[in-house]
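**Q** If you scroll down you'll find the structure; I have some questions about it.
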Amino acid sequence: MIATNRMGFLEHDSWITVELQHSLAANSESFSFRGNVTIPSLNSGLANVEQPDLSTADLDLLKKLALGNEFYRLKATVVYSNGAKAQFITSNKACRLLQAQLNDVLWVSLEPSGYVTGITVSQDTAPATIECTQEDVNKLLETQFSTDVLIRHAELAPVPDTAGFIQKVEREREARERGEVRDNRGFFAKYWMYIVPVVLLVFISGATNQDGAK
């Protein structure tokens, strides 16, 4: 994430829009428009993706990145329903993108409050080769990105009921002080912590006396 500007709380089931921009030149901070993603309901996870065809010049730049074994970088600008914004940058090998025929997966991670904590892009298919050859580049038939959007909701870890436990202990202590709680345990269950040391001491003393006699 490169920038975040939050403005208060979000509604329970809010919406967000994500503008996608990509960098098609190695070691360049210049990004150009790729498309828009609209998620009308964060709970449902359904998304509308609009991405125009790549121009011939952009395709050539993407192929050049793949042949050079360079990274393809994607910048995602999130706009929330309350006007807040956040930006994220993710990257992967351009060669993998070409081998997947411009099919990718956009992962959107959400915290319980509804704000986005991360956006990453990946490909479902494993790469055929580590580096792209001219033959791999020539196999590219698509001119438009095909993107699946998947939303990952953060799960809250269970919180121990410390206050309830303390209250229970206090109630039991007060009841014992008032004599309302009777201990119905057996003799050994009540006093085992006193009996066991005595038995061990007798056992050790007996073993020592036998050794001395021998």
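**Q** Round to a whole angstrom and tell me the spacing of the C-alpha centers of the stretch 89-142 and the stretch 17-32.
**A** About 14 Å separates the Cα centre of the stretch 89-142 from the one of the stretch 17-32.
**Q** Then there's this: So what's the stretch 16-153 giving for Cα Rg divided by 2.2 N^0.38 Å, two decimals? Display every interim value, and only then the final one.
**A** On the way: Rg = 15.2 Å, N = 138, 2.2 N^0.38 = 14.3 Å.
With N residues counted in the stretch 16-153, Rg over 2.2 N^0.38 Å equals 1.06.
**Q** Provide ILE151, ILE16, ILE166 ordered by accessible surface of protein heavy atoms (probe 1.4 Å), highest first. Each step should come with its number before you reach the end.
**A** Working: ILE151 40, ILE16 0, ILE166 90 Å².
Ranking ILE151, ILE16, ILE166 by accessible area, largest first, yields ILE166, ILE151, ILE16.
**Q** Using θ = phi - 60° and the Karplus form 6.51 cos²θ - 1.76 cosθ + 1.60, what ³J(HN,Hα) does each residue of the stretch 60-74 get, whole Hz, x for Gly and Pro?
**A** Per-residue couplings from phi come out as 5, 5, 5, 5, 5, 4, 5, 5, x, 6, 8, 8, 9, 10, 10 Hz.
**Q** Could you tell me the accessible area of SER44 in Å² (1.4 Å probe, neighbours in place), rounded to the nearest ten?
**A** The accessible area of SER44 comes to roughly 70 Å².
The values are calculated or read from the model by the stated rules, or taken from the named source; none is laboratory data. Treat the numbers as computed from the prediction; the structure is a model and nothing was measured. When the accessible area is computed, the model is the full protein with side chains, heavy atoms only, and any ligands, DNA or RNA have been set aside. Shrake-Rupley method; radii C 1.70, N 1.55, O 1.52, S 1.80 Å.
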